[in-house]
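Single-structure report; data block below.
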Amino acid sequence: MKKWIWSLLLVLLLAACGGGPAGGPSADSEESSDTGSDASGEVQLADELSVYNWADYIDEEMITQYEDTYGVDIIYDTYASNEDLLAKLQAGAEGYDVIFPSDYMVSIMIDLDLLSKIDTADLPNFANTDPQFVGAPFDPNNEYCVPYQWGTTGIGYRADVEFFQENPPDSWAYVFDPAMLEQYADQGINVLNDPRELPGSALIYLGYDPNTTNPDELNEARDVILAAKPYWKTFNSEDYDNTLLIPGEVALTQGWSGDVANAYWNTYDDETEDGNWYYSIPEEGAVKWLDNICITASTERYETALHFMNYMMDAEVAAAVTNFTYYASPNEAAREFILPEILDDQSIFPPQDVQDKLVWLTEVGEEGSFLYDELWTAVKSSQ
Ligand code: SPD
């Protein structure tokens, strides 16, 4: 087990050495690399650490707390999809230390040698993890990543839309069937701008596996999407909760559980004791996903990245993240610090019988990726 220097002494020492340069991630900077161990074998932290995460996916106070406590400057940047993250790393971007890929993207990144190996014995807070999230299929021994947050991909809809009061959206038909969309599309529909999630929901709607690589099934999904696209107002998975849902710019969205819960709690009215956004898992089924904390293969600040990873798994830090993002935490020890209304919200923490109906997205291989890319290009390029 590594001995971390978590003492105030180190904070003062590092602060005295001066912080690293601000701006984008800095690669190959000797001053910002881990400085190795001191005479007692304790790890010295780097001056800075570059963290690349999904948009709106952390309580930034937890970043500030880390910086203030350990004297490490965090260079924080965000992305909108797993594919954006992959493209950035494949384009040779170096300097990113800690990243947060989802399940299937972890498999892809392992295959492409983009991740550093870890040993969970070096991470005391790994013991906080709920056993059901230890050794997920895409990283069976947690040799690369640890769980961060999890959720589902379903439908969010506005409670004040009359049509939904009589017809609560309980099927993917509400997103994909033109006859259904006719009824409310004028009030705005958003779908996730995500090359696996949108086809995944269309495939589930058609009764297919969201990981299929069968070209006929993928063509059918493409056609369903193309027929529905004229009814959709926006493709947004980055800030749709804050820019479209909460201000009521759309009536319905394909959405991630936490983002819809964020809209619910941010439209919550104390008088009616209700929010204006509801979430449903369609009867045909849905995707569940697990986002993870991983260290890039190109990091030059491995020990600091590992130290940050351990910090993020602290029970109170993990709870603060969930209390801010409204996504479920795989950190069992965090539960006592999570707000009761979030813990009791079944759209965030679905009961086991609902969880049993959900499926993971998985890696689809080189040929499959080519087919999904083709589908996505057809969808995005059509008028
Ligand atoms: N607003 C942050 C959302 C991050 C959700 N990750 C979802 C991954 C689904 N494949």
task = Pull up region 346-382, narrow it to residues that are touching a Phe, Trp or Tyr at 6+ places or on another chain (Cβ under 8 Å) and under 25 Å from E273 (Cβ atoms), then point me to the one that is nearest to the ligand (Cβ to nearest atom).
result = I348
task = Go through (1) under 23 Å from T362 (Cα atoms); (2) surrounded by fewer than 16 Cβ atoms within 10 Å (Cβ to Cβ); (3) in contact (Cβ under 8 Å) with a residue 60 or more places away in the chain and name the single condition D170 misses.
result = (1)
ask   = So, of the residues in region 66-77 that are among the aliphatic types (A, V, I, L, M) and either without any contact (Cβ under 8 Å) to a residue 12 or more places away in the chain or not in a loop (DSSP other than H, G, I, E, B) (or both), which turns out to be surrounded by the most Cβ atoms within 10 Å (Cβ to Cβ)?
value = I75
request  = Could you check how many residues of region 79-127 are polar (S, T, N, Q) and farther than 11 Å from Y144 by Cβ?
outcome  = 5
Residues of region 112-136 classified as over 19 Å from E363 (Cα atoms) and part of a helix (DSSP H, G or I), total = 10
request  = Give the residue that is surrounded by the most Cβ atoms within 10 Å (Cβ to Cβ), with candidates limited to residues of region 285-311 that are within 15 Å of the ligand (Cβ to nearest atom) and either more than 30 Å from L206 (Cα to Cα) or not β-branched (V, I, T) (or both).
outcome  = N292
ask   = Here is a list of conditions, (1) surrounded by fewer than 19 Cβ atoms within 10 Å (Cβ to Cβ); (2) away from the ligand (no atom under 14 Å from the Cβ); (3) more than 23 Å from E332 (Cα to Cα), and A80 meets all of them except one; can you say which number that is?
value = (2)
inquiry  = Need the failing condition index for D139 against (1) assigned by TED's automatic domain parsing to the domain that holds V321; (2) more than 16 Å from the ligand (Cβ to nearest atom); (3) outside any helix (DSSP H, G or I), just the number.
reply    = (2)
key: Selection within region 84-103 - part of a helix (DSSP H, G or I) and either among the polar types (S, T, N, Q) or crowded, with 20+ Cβ neighbours inside 10 Å (or both)   = L85, L89, Q90, D103
task = Within region 151-165, identify whether any single residue is in a strand (DSSP E or B), hydrophobic (A, V, I, L, M, F, W, C) and either surrounded by fewer than 20 Cβ atoms within 10 Å (Cβ to Cβ) or within 22 Å of the chain's Cα centre (by Cα) (or both), and answer yes or no.
result = yes
task = Inspect all residues belonging to region 113-127 and state whether any of them is of a type outside the set (G, A, S), surrounded by fewer than 18 Cβ atoms within 10 Å (Cβ to Cβ) and in contact with a Leu (Cβ under 7 Å, 6 or more places away or on another chain).
result = yes
ask   = Any residue at all in region 321-337 that is surrounded by 15 or more Cβ atoms within 10 Å (Cβ to Cβ), at positive phi and in the same structural domain as S102 (by TED's automatic domain parsing)?
value = yes
task = Please give the helices (runs of 4 or more DSSP H) falling wholly within region 294-383 in which 1 or more residues are among the hydroxyl-bearing types (S, T, Y).
result = 302-312, 315-325, 365-381
query = Of the numbered conditions (1) aliphatic (A, V, I, L, M); (2) more than 18 Å from V106 (Cα to Cα); (3) within 24 Å of the chain's Cα centre (by Cα), V146 satisfies every one except a single condition; which is it?
reply = (2)
query = Restricting region 255-284 to residues that are free of Cβ contacts under 8 Å to residues at least 60 places away in the same chain and of a type outside the set (D, E), which is nearest to the ligand (Cβ to nearest atom)?
reply = N266
key: Answer from A221, A227 - the residue that is in contact (Cβ under 8 Å) with a residue 40 or more places away in the chain, out of contact with any Ser or Thr (no Cβ under 8 Å at 6 or more places or on another chain), more than 16 Å from the ligand (Cβ to nearest atom) and farther than 19 Å from N82 by Cβ   = A227
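The values are calculated or read from the model by the stated rules, or taken from the named source; none is laboratory data. Just so it is clear, the structure is predicted and the values come from calculations on it, not from any experiment. Because the Cβ atoms are built from the backbone with ideal geometry, glycine has one as well, and the counts that use them run over all protein chains shown.
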